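All remarks here apply to the structure that follows.
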Amino acid sequence: MRRIPASTYRLQLHKDFTFDDAARAAAYLKALGVSHVYCSPYLQAAPGSMHGYDVVDHEKVNEELGGEEGHKRFCQRLAELGLGQVLDIVPNHMAIGRENRYWWDVLENGPSSRYAQWFDIDWNSAEVKLQNKVLLPVLGDQYGRILDAGQIKVERGGEGFRVRYGDNLFPVAPRSLSLVLSRAEAITKNDQLNFIAESLLRLPSPESTDREVGMQRHRDKTVIYGLLQRLCTEEPEVVKAIDCAVGELNGDHNALDEFLNQQQYRLAYWRTAGQELGYRRFFDVNSLIGLRVERPHVFDATHRRILEWLREGVLDGVRVDHPDGLRDPQQYCERLRNQAPDAWIVGEKILEPGEFLRENWPIEGTSGYDFLNVCNSLLAHGNGLKELTAIYGEFTHEPIDFDAVAHEKKLNVEQDALGSDVNRLTSLFVEICENNRDRRDYTRAEIRRAIREVAACFSIYRTYVVPARDQVVDEDRARIDKAVECAKAERQDLDAGLLDFIGDVLALRARGGLETEFLLRFQQFTSPVMAKGVEDTAFYCFNRMIGMNEVGSDPGRNGMTLDEFHSYCAKMQATHPLTMTTLSTHDTKRADDVRARLAAITEIPGRWKTALSRWSRANAAFRTGKYPDRNTEYSLYQTLIGAWPISKDRLIAYMEKATREAKQQTRWTQHNEEFEQALRSFIERILDSHSFVAELENFVDRILNAGRVNSLAQTLLKYTAPGVPDTYQGSELWDMSLVDPDNRRPVDYDVRAKLLAELDRGLDVQEIMERIESGLPKLWVAHSALCLRRERPEWFGADAAYKPLIAEGAKSDHLVGYLRGDSVAVLVPRWPLKLSGNWASTTVDLPQGEWKNRLTREAVMGGRLRVQALLQRFPVALLTRAVE
């Protein structure tokens, strides 16, 4: 039986918040009103993982969370309470390391590994030195220096051997062991050892990709290692000789170099990853390798436990992490749907403004970033944003055209962090051109520049062209052609014919085997370009209004009209009525309450300009030379306003991350210590300044109530608009968190449970508003809406209509109102500072009947009603009509 969530509550599981901790919180979640607990990934992750996206074993439940037994107790507790469960799953990548036995086998055996086809590795690199090898960029310096310093060693453990560099361990290629064992045999004159050494040399080539040859190689290797183990157990002298041979090898750096060159990997300086890495990663994270989940056997192996839980009813749904990284996202969704026909499936698909999820994907929708950004734009004041543009430009002298900033940052990240991905695409396209006499004279350098430019010109994450199905829709053609035209305009030094040819390959106008491979890999590539170039760089550089800088947003946009909001909601109800809606996630740059408060600044740009100027002058004495720069200072003040009160430690940690992500004054790969120390000092000194803190608090006090009204407004929209609402852990109370790891701090569920119990004992709305500091009004909105959804899911489901409620009067543009079906009416304000609590004669027409405001418990008769009266006792209204 299909069990669609009425709502979800996201829990971040890790070693400090385990299955047992989650089980203890479950009763509170039930009382809050949620229908489903929504867990971060909990298959076995790398040791110490705080998020679970670095899976190393799809067969096991994470031991640090409590393992199989802890998972069983957690699921039993949810079942006792009648709570469902949704799980975040990670099909795109795995973490590399010793714990990943599949990866370890690949490093040991190269292309002949039984698992070589699991991972997206280029075994035929254009670099001869990397053919049939995996580049491992883990060294802290040049390979030769590390080797000469004695930091790379061969170790023996029992009958096994491994290479060690610091805490990094790597397997040893079986054939290369003959070098060690032959030397040991010369010491002991042991015939069995000589036989084992020669048998290892006779193993089939590790470069063979024939499956039968690979299986034979594995069987033979296992037998030979068994003989070595038995020999070492029975003859201690052999062990001594082997240890002696290993010691000699480690002492002779030339011999050790020869031994390392026989491995199926190449240890390298970490900086080589930017240009020479031979495997697809998750974005630019070298420790997360891409999976070839499009291959049925890989899908089956990595999804066995998940599908088992879905069939057994342990899970009711899944959230698919980063589907855009997959070779064919639609095929993946279809395969998952076929295996789990009753599951609620949403994908973490990042949609840019004006873009919608493809309707032919057989899933319920996205993970909600599109809704989040609609709320951001709805609550920001358009004219105020325009004024902020001028203020930002005048104060910082930074570019004020976000599209131009984003384009530049995408090019930069392609040049640096994603350089190896560009190089692999370039090699493919060079080969395509070599096979076409009209194109063969394009040079590698100009092809590389053209690929970078076209990718940077895409305004969305990716297209979904599939040659095998002859699938290319008009939307994709238009996106491709627009990107090519943009590239021509940006790079008039490049041959327009080359750019057109790239466009032809991407749009299936030029076809072939190599063309297909280039197209599919290019589509996987544009996602990390957007993610790293825009989300993780431009969003930290373009600081006009930092509350607008969220995943999938356009920070250069000047707000949203009511008609645009209603049009979005109507489309969602028509196409994806069961999509997820959210306001905060583990990946948001700022919690929803921070953004809600910052939105109030757009209503008073003049006051912001005055404060900015005054603070900068007053704090000039706290600067160290030229640091911090004006852009960082501008961002810092907005961060203080949005997250106040905030400790020095939290603020320093956030600003360090933000400035490194911006890559303007410092960066993760090359710290500017002078800048970072100056920034830390500046933060400490301004927060020690009583006069500055007093002015800051005065400014925050001026917008505090408006920020809270904005929060209540977007919270009620989230719980009642088309979709399935998610509550990020702890955000049912005021939450002034910043980007991770700040937003993963412990949540006090005891406090929340006590507040909820007080609400259930019948606090009236006046008492709730009097305790606004505690977050009680937000909890009241969440609890009321969640309980209503759980009681009457049909009022919010796939068949529940969405109809705008249009206000009339002088303040009509301040009211967001709509009906869900015939029984629910939602009214929330926007721009509360400009409204000043005065709705004048503005009215709204509520359908006839007897209505009850769930938040004030007041009865209301339908008809033409004054908005002032409806929102007088509580900032937002949730009304339900009596059912006959």
Margin query: Could you check the spin-label model distance between residue 223 and residue 478? Points 7 Å from the Cα along Cα→Cβ, value in nm.
Written below: 6.4
Notebook entry, point to check: Quick one: with all protein chains in place, what share of the accessible area of the chain is carbon or sulfur, to the nearest percent (1.4 Å probe)?
Noted result: 47
Note to self: Multiplying the sequence separation of residue 440 and residue 764 by 0.36 nm and subtracting their Cα-Cα distance, what value in nm do you get?
What the structure shows: 108.9 nm
Note to self: On a 1.4 Å probe surface of the protein chains, which of 541, 75 comes out largest in accessible area, and what is the full order?
What the structure shows: 75, 541
Check: Measuring from centroid to centroid over Cα atoms, what is the spacing of the stretch 569-626 and the stretch 497-546 in Å?
Finding: 29
Next item on the list: Would you check the accessible area of residue 439, probe 1.4 Å, heavy atoms only, in square angstrom rounded to 10?
Entry: 60
Check: Counting only the heavy atoms of the protein chains, how much of residue 443 is accessible to a 1.4 Å probe, in Å² to the nearest 10?
Finding: 70
Next item on the list: For 732, 791, write out the residues from largest to smallest accessible area, computed with a 1.4 angstrom probe and no ligands counted.
Entry: 791, 732
Note to self: Given an 8 Å cut-off on Cα distances and at least 6 residues of separation, report the relative contact order of the stretch 1-129 as a percent.
What the structure shows: 24
Next item on the list: Quote to one decimal, in nm, the extra length available between residue 155 and residue 563 on full extension: 0.36 nm per residue of separation minus the C-alpha distance between them.
Entry: 140.1 nm
Notebook entry, point to check: What residues qualify as long-range amide H neighbours of residue 860, i.e. H under 5 Å apart, gap of 5 or more or another chain, H built at 1.01 Å from N?
Noted result: 851, 852, 853
Next item on the list: Tally the DSSP beta bridges in the chain and give the antiparallel ones as a percent, rounded to 5.
Entry: 65
Checklist line | Where the chain is the region considered: accessible area per residue in Å², 1.4 Å probe | finding: 38
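Order the following by accessible area, largest value first: 396, 272, 209. Probe radius 1.4 Å; ligands, DNA and RNA are ignored.
Sorted by accessible area, descending: 209, 272, 396.
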Check: Shape of the stretch 192-274 from its Cα gyration tensor (a ≥ b ≥ c, root eigenvalues): rounded if a/c is under 1.5, otherwise prolate when a/b > b/c, or oblate?
Finding: oblate
Next item on the list: Distance between Cα centroids, the stretch 371-413 to the stretch 202-273: provide it in whole Å.
Entry: 56
Next item on the list: Give the accessible area for residue 80 in Å² (nearest 10); use a 1.4 Å probe, count only protein heavy atoms, and leave out ligands, DNA and RNA.
Entry: 130
Check: For the chain, what is the mean residue ellipticity at 222 nm derived from helices alone (per DSSP H run of n ≥ 4: -39500 (n - 2.57); sum divided by total residues; nearest 500 deg cm²/dmol)?
Finding: -15000 deg cm²/dmol
Checklist line | Cross-link partners of residue 189 among lysines (Cα-Cα below 16 Å; sequence separation of 8 or more within a chain) | finding: 240
Checklist line | Cα gyration tensor category, rounded, prolate or oblate, for the stretch 6-133 with a/c compared to 1.5 | finding: prolate
Item checked: Alpha-carbon centroids, the stretch 290-329 and the stretch 95-169: separation in whole Å -> 27
Note to self: As an exercise, use a Förster radius of 22 Å and the Cβ-Cβ distance of residue 252 and residue 143 to find the FRET efficiency, rounded to the nearest 0.05.
What the structure shows: 0.85
Next item on the list: Once you have a ≥ b ≥ c as the square roots of the Cα gyration tensor eigenvalues for the stretch 666-725, tell me rounded if a/c is under 1.5, and otherwise prolate or oblate according to whether a/b is larger than b/c.
Entry: oblate
Item checked: Theoretical FRET efficiency, 1/(1+(r/R0)^6), r = Cβ-Cβ of residue 167 and residue 751, R0 60 Å, to 0.05 -> 0.95
Note to self: Output needed: Cys residues of the chain lacking any neighbouring Cys C-beta below 4.7 Å, sorted by number.
What the structure shows: 39, 75, 232, 244, 333, 375, 433, 541, 569, 787
Check: Can you give the convex hull volume per residue for the Cα atoms of the stretch 466-519, as a whole number of Å³?
Finding: 66
Notebook entry, point to check: On a 0 to 90 degree scale, rounded to 10, what angle separates helix 648-662 from the longest Cα axis of the chain?
Noted result: 70
Next item on the list: For the stretch 41-55, take each phi angle, set θ = phi - 60°, evaluate the Karplus expression 6.51 cos²θ - 1.76 cosθ + 1.60, and give the result in whole Hz per residue in order, putting x for glycine and proline.
Entry: x, 10, 6, 4, 10, 4, x, x, 4, 9, 9, x, 7, 9, 5
Checklist line | Karplus-derived 3J(HN,Hα), 6.51/-1.76/1.60, for each residue of the stretch 828-841, Hz, glycine and proline x | finding: 9, x, 9, 6, x, 5, 5, 5, 6, x, 10, 8, 6, 9
Next item on the list: State, as an integer percentage, the relative contact order of the stretch 333-431 based on alpha-carbon contacts under 8 Å between residues 6 or more apart.
Entry: 17
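The values are calculated or read from the model by the stated rules, or taken from the named source; none is laboratory data. Keep in mind it's a predicted model, so treat the numbers as computed, not measured. In this analysis, Cβ positions are derived from the backbone assuming ideal geometry, glycine residues included, and neighbour counts consider all displayed protein chains. The area values use the complete protein model at the heavy-atom level, side chains included, leaving out ligands, DNA and RNA. Shrake-Rupley method; radii C 1.70, N 1.55, O 1.52, S 1.80 Å.
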